[in-house]
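The values are calculated or read from the model by the stated rules, or taken from the named source; none is laboratory data. Here the structure is a predicted model, which means the values were calculated and not measured. Glycine gets a Cβ as well: all are built from the backbone with ideal geometry, and neighbour counts include every protein chain shown. The accessibility values were calculated without ligands, DNA or RNA, using every heavy atom of the protein model including side chains. Shrake-Rupley method; radii C 1.70, N 1.55, O 1.52, S 1.80 Å.
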Amino acid sequence: MNDGVMSATRDEQLPSSATAPRRRWGLWAAFALVAGLLALLAVGMTRDPRQLDSVLIGQPWPPRALPVLEAPEHALGPAEWRGKARVINLWASWCVTCLQEHPELMKLLAQLKSQGHDDQLVGLNYKDKRADALGWLGRHGNPFFASIQDADGRLAIDLGVYGAPETFVIDAQGVIRFKHVGALTEDIIRTRIVPLLEAGR
């Protein structure tokens with residue numbers, strides 16, 4: 001008798017009490033896998049997608065100076081921002097959500113301007129055409145002391161950007177202290193951003 005036939009014969013001769021534990025083990029393994037996947041899904045659903053952890057928190061802002069949107073012959077970067085905390089808002093003229101948060105940025109500008117600190121609000125124009133970006137600011141109002149233009153998106157890659165809008169706060173030493181993904185709200189600005197700006201003056 002060949003080995004295959006002998007193996008089949010041995011399996012057929014195994015009592016049902018010997019194969020039952022193996023079946024039960026397989027069912028338990030499948031149950032544990034499904035339970036684990038459901039647990040991961042539940043955790044993900046309870047997290048606010050706008051408050052994503054960033055590996056850049058506590059790291060210096062990338063040392064990349066970019067052209068100023070309004071005056072591209074000039075460049076700005078972290079070297080020029082040192083000495084005062086800044087909020088840097090990534091935006092684009094094609095971004096619908098950017099228009100949604102725009103009124104809150106205009107309110108923040110008014111608040112900072114009344115305190116003599118409007119230079120703390122900086123724009124980061126993302127993958128946009130200069131004419132489109134300037135036209136958008138002309139129509140809706142310009143909340144920024146200056147906007148730098150990341151036309152090719154390379155700085156955004158360095159920052160791990162998910163998409164527009166995103167907002168960062170850097171301290172007076174140029175270290176990233178806060179990141180928000182999505183539209184800003186009055187509550188986020190009041191409770192998370194303004195205290196960092198005030199502490200960094």
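Condition test on Ala146, is it over 18 Å from the mean Cα position of the chain (by Cα) and farther than 23 Å from Lys107 by Cβ? Answer is no for this residue.
Do we find that Ala75 is more than 24 Å from Ala131 (Cα to Cα) and of a type in the set (A, V, I, L, M) in this structure? If you could, list the steps in order and put the result at the bottom.
On the way: more than 24 Å from Ala131 (Cα to Cα): no; of a type in the set (A, V, I, L, M): yes.
Against the criterion (more than 24 Å from Ala131 (Cα to Cα) and of a type in the set (A, V, I, L, M)), Ala75 does not qualify.
Within the stretch 178-198, the set of residues being outside any loop (DSSP other than H, G, I, E, B) and within 13 Å of the chain's Cα centre (by Cα) comprises Phe178, Lys179, His180, Val181.
Scanning the stretch 116-160 for residues that are touching a helix residue (DSSP H, G or I) at 6+ places or on another chain (Cβ under 7 Å) and either open to solvent by 60 Å² or more (accessible area, probe 1.4 Å) or over 24 Å from Arg82 (Cβ atoms) (or both) returns His140, Gly141, Phe145.
The condition (being among the small types (Gly, Ala, Ser), open to solvent by 50 Å² or more (accessible area, probe 1.4 Å), modelled with pLDDT under 95 and within 36 Å of the chain's Cα centre (by Cα)) is satisfied by just one residue among Ala75, Ala35, Ala39: Ala39. If you go through the stretch 90-107 and keep only what is touching a strand residue (DSSP E or B) at 6+ places or on another chain (Cβ under 6 Å) and either part of a helix (DSSP H, G or I) or on the phi > 0 side of the Ramachandran plot (or both), you end up with just Cys98. For Asp119, the test of being under 22 Å from Pro67 (Cβ atoms), of a type outside the set (Lys, Arg) and either modelled with pLDDT of 95 or more or out of contact with any Phe, Trp or Tyr (no Cβ under 8 Å at 6 or more places or on another chain) (or both) is passed.
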